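> Okay, here's the structure, questions in a sec.
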Amino acid sequence: MPKLTVDGIEVEVPAGATVMQACEAAGKEIPRFCYHERLSIAGNCRMCLVEVSPGPPKPQASCALPAAEGQVIVTESAKVKKAREGVMEFLLINHPLDCPICDQGGECDLQDQAMAYGKGYSRFDENKRAVTEKHMGPLIKTVMTRCIHCTRCVRFSEEVAGVEEIGALYRGENMQITSYLEQAVSSELSANVIDLCPVGALTSKPTAFHYRPWELTRNDSIDVMDAVGASTTIHSRTAEVIRITPRLNDDVNEEWVTDTGRFCADGLKERRLDRPWVRSGGELKPATWAQAFAAVQAALKGVDPKDIVAVAGDLCAVEDLVAAKDLLTGLGVTRLECRTDGAAYEGPPAHWRFNTTIAGLEQADVILLVGCDPRLDAPLVNSRIRKAVRRGGAVVFRIGAGSDPSYPLTELGDDLALLAKLPGELMERLTAAQRPAVLVGSRNASPQVLAAVHKLTPHLVKDGWNGFNILHDRASRVGAMTTGWAGEGLEAFAASRPKLMVLLGVDEVALAPFGGATKIYVGSHGDRGAAVADIILPAAAWAEKPGTWVNMEGRVQRALRAVFPPGDAREDWTIYRALADVLGIRLPYDTLEQLRARIAAEWPELGAEGLVPAAWEKASIKAGKPEGASVPRPTDFYSSNPILRASPTMRACVAEILEGRRPALLEAAE
């Protein structure tokens, strides 16, 4: 580990570190535009100049210079300051003077650095260059005259997203950043370039000119659009969620978030359930809470608890699940289910978790995908696999159909019967691998598939490594499994012809087989479940309540309330608590803190944030030979839950990215 001196401070850095990293280890802030910790080094903005000796007499770019033993670095000399001021002067030659109306105002790296290194005047009187606007789809707004050619967006698209659709045209001052043929960028992570752009060249199209950053209130939250549980920040103003941005969490999402997690916010304003509804004469009619509770009481009258079933949907917080379970248990109901996709996993937690962990997947050397599509099911997991392939040389195989994963892989076929006898090359690699991993898609986790994969556990489970993984795509699934919502399955429920169903935000299940049952729907949006319900109790969306979420690896995370639910809608657990009083059942909590204490008493692992790895336990697995093609993804990436289906932005993504329809603005221009 080389030792060097930075402004008189001796530091020791790992081998391979750069001079910029050495300066940061010494507590020195180095200005930069092109450099980013998670992208390859470009070295093209030259803002990070420092003096280095031994070395040439001129300042050098610290981001691209390896740290070496005995170097003496000076970061604050007059020569360095003059060099940085010169770079800033050149950057501002062609930059437009539109800060008062620029969407990046208040969050602009160029603006901040210009305050430190700008001259306050210009020595150039030539006309500034102008660049035509580029079209990058419904999410990314471009003002390319502002672009300083840092190429962060180009490197992110190529290296992290794996979709090489952003690049540069021409050279010198004629250089322009654009998407391929000015089409919409198709990556599920595309909008992260908005955060990466150090100027206002790439900003958010859906929220353009809606806010200034200092007007917004920030609350920590969790992305519930998939089961990764990315850390996010919700930015709100008064009663409206304005935008959602990623929050740094190296164990889960690094500093990225999916496009659905970023732009689902406008779905919170559309198709909302803001009052109770009761079906009367075949028609849903608005009601008060007292009338709705009375209707529930009447629906339960004379119904045997064995004829009541409850199903948990995809967006339930742990508090909602436990409060609902306590109420149902008090009524004598024991038939609960959360596996709405037909999955058959059960037993110890390690049998239905992502045991490798999301960050640990980068260390895998052989990866087998079984009936899953990580790019659509969990794009941030897919980026980890891509990193394992690009940096670690991992080899990937896939059984089952799926989209282009953005990294090389060997397709073995769509027939799940291949699991009964894996090809020789794959078995040889699994046997020889130090850290093999198998990812089983939840919707294809049938008893036969699980039995076949469990036979591989002697290769997958080793000291310090567990390569058995269920790839979930539903935010509430692991929390529901943890709190005992695994029952006999929806097919068994339908076969028994229940008289009453309680639906906790269930919108992705075909309810036709339950046509004769009275349906009580508790949810936030007027979607598929509400359309067939007999009683609707309006609940809060995830951004409108404090809640606990458990991601696919079993990591417990807490989200804060950003805004309050609209109208008469209430937090889910308070609905069950109030209904319990009406039904004569006493629930032992009146506050959220008391409810969380009750949860921690029965499930200690849910009592505090963090990940407690699940020990691998052998369990009896139903035998059987897998057969048939894998079950395809039932919904597209942009429409997988009621919040996304309500979002105008997501509908625009479906129209342009999936269906190829060009925006009306471009069609009119033609």
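The values are calculated or read from the model by the stated rules, or taken from the named source; none is laboratory data. Only a predicted model underlies this, so the values are computations on that prediction, with no experimental measurement involved. Ideal geometry is used to build each Cβ from the backbone, glycine not excepted, and the neighbour counts take in all protein chains shown. Areas reflect the complete protein model, heavy atoms only, side chains present, ligands, DNA and RNA absent. Shrake-Rupley method; radii C 1.70, N 1.55, O 1.52, S 1.80 Å.
> Give region 10-30 a look and list any residue that's closer than 14 Å to Pro59 by Cα and either in contact with a helix residue (DSSP H, G or I) (Cβ under 7 Å, 6 or more places away or on another chain) or not in a helix (DSSP H, G or I) (or both), or say none.
Listed by number, the list holds a single entry, Ile30.
> If Arg218 passes every condition in (1) modelled with pLDDT of 95 or more; (2) closer than 28 Å to Ser236 by Cα; (3) surrounded by 15 or more Cβ atoms within 10 Å (Cβ to Cβ) but one, which one does it miss?
Checking Arg218 against (1) modelled with pLDDT of 95 or more; (2) closer than 28 Å to Ser236 by Cα; (3) surrounded by 15 or more Cβ atoms within 10 Å (Cβ to Cβ), the one that fails is (3).
> Here's a follow-up. Which ones in region 21-54 are within 17 Å of Gln113 (Cα to Cα), open to solvent by less than 50 Å² (accessible area, probe 1.4 Å) and without any contact (Cβ under 8 Å) to a residue 60 or more places away in the chain?
Within region 21-54, Lys28, Ile30, Arg32, Tyr35, Cys48, Leu49, Val50 meet the criteria.
> Additional query: Only one of these conditions is not met by Asp404: (1) open to solvent by 50 Å² or more (accessible area, probe 1.4 Å); (2) in a helix (DSSP H, G or I). Which number is it?
(2)
> I'd like the full set of residues that are in a loop (DSSP other than H, G, I, E, B), open to solvent by 10 Å² or more (accessible area, probe 1.4 Å), among the aliphatic types (A, V, I, L, M) and in contact (Cβ under 8 Å) with a residue 60 or more places away in the chain, limited to region 224-276.
Across region 224-276, the qualifying residues are Met225, Ala239, Leu273.
> Out of (1) under 16 Å from Ala323 (Cα atoms); (2) open to solvent by less than 20 Å² (accessible area, probe 1.4 Å), the odd one out for His525 is which?
The one condition His525 does not meet is (1).
> Condition (residue is touching a helix residue (DSSP H, G or I) at 6+ places or on another chain (Cβ under 7 Å), outside any loop (DSSP other than H, G, I, E, B), β-branched (Val, Ile, Thr) and under 16 Å from Ala517 (Cα atoms)) applied to region 287-304: is it met by at least one residue?
Yes, region 287-304 has at least one match.
Residues checked against (1) modelled with pLDDT under 95; (2) among the basic types (Lys, Arg); (3) under 30 Å from Met144 (Cα atoms):
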site: Lys3; (1), (2), (3): yes, yes, no
site: Glu12; (1), (2), (3): yes, no, no
site: Cys45; (1), (2), (3): yes, no, yes
site: Ser53; (1), (2), (3): yes, no, no
site: Ala64; (1), (2), (3): yes, no, yes
site: Ala67; (1), (2), (3): yes, no, no
site: Leu92; (1), (2), (3): yes, no, yes
site: Asp103; (1), (2), (3): yes, no, yes
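> Can you confirm whether region 363-379 contains a residue that is polar (S, T, N, Q), without any contact (Cβ under 8 Å) to a residue 40 or more places away in the chain and open to solvent by 10 Å² or more (accessible area, probe 1.4 Å)?
no
> Please state which one of Ala227, Ala239, Ala191 is more than 16 Å from the chain's Cα centre (by Cα) and aliphatic (A, V, I, L, M).
Residue meeting the stated conditions: Ala239.
> Continuing with this model, one more query. Condition check: within 22 Å of Asp341 (Cβ to Cβ) and either surrounded by fewer than 17 Cβ atoms within 10 Å (Cβ to Cβ) or touching a residue at least 60 places away in the same chain (Cβ under 8 Å) (or both). Does Ala433 satisfy that?
So Ala433 fails the test.
> For region 232-277, what are the residues that are closer than 24 Å to Arg38 by Cβ and in contact with an Asp or Glu (Cβ under 7 Å, 6 or more places away or on another chain)?
Across region 232-277, the qualifying residues are Thr232, Thr233, Thr245, Pro246, Arg247, Leu248, Val257, Thr258, Asp259, Gly261.
> Going through region 306-342 one residue at a time, which ones are of a type outside the set (A, V, I, L, M), open to solvent by 10 Å² or more (accessible area, probe 1.4 Å) and over 22 Å from Pro546 (Cα atoms)?
The answer is Lys306, Asp307, Thr329, Gly330, Gly332, Thr334, Arg335, Arg339, Thr340, Asp341, Gly342.
> Could I ask something else about it? Could you tell me how many of the residues in region 546-556 are more than 14 Å from Leu321 (Cα to Cα) and open to solvent by less than 10 Å² (accessible area, probe 1.4 Å)?
Adding up the residues that qualify gives 5.
> Within region 342-354, is there a residue that is on the phi > 0 side of the Ramachandran plot and touching a strand residue (DSSP E or B) at 6+ places or on another chain (Cβ under 7 Å)?
No, region 342-354 contains no residue that is on the phi > 0 side of the Ramachandran plot and touching a strand residue (DSSP E or B) at 6+ places or on another chain (Cβ under 7 Å).
> Suppose we filter Tyr180, Tyr211, Tyr170 for residues that are open to solvent by 10 Å² or more (accessible area, probe 1.4 Å), hydroxyl-bearing (Ser, Thr, Tyr), in contact (Cβ under 8 Å) with a residue 24 or more places away in the chain and farther than 23 Å from Pro546 by Cα; which single one remains?
The unique qualifying residue is Tyr211.
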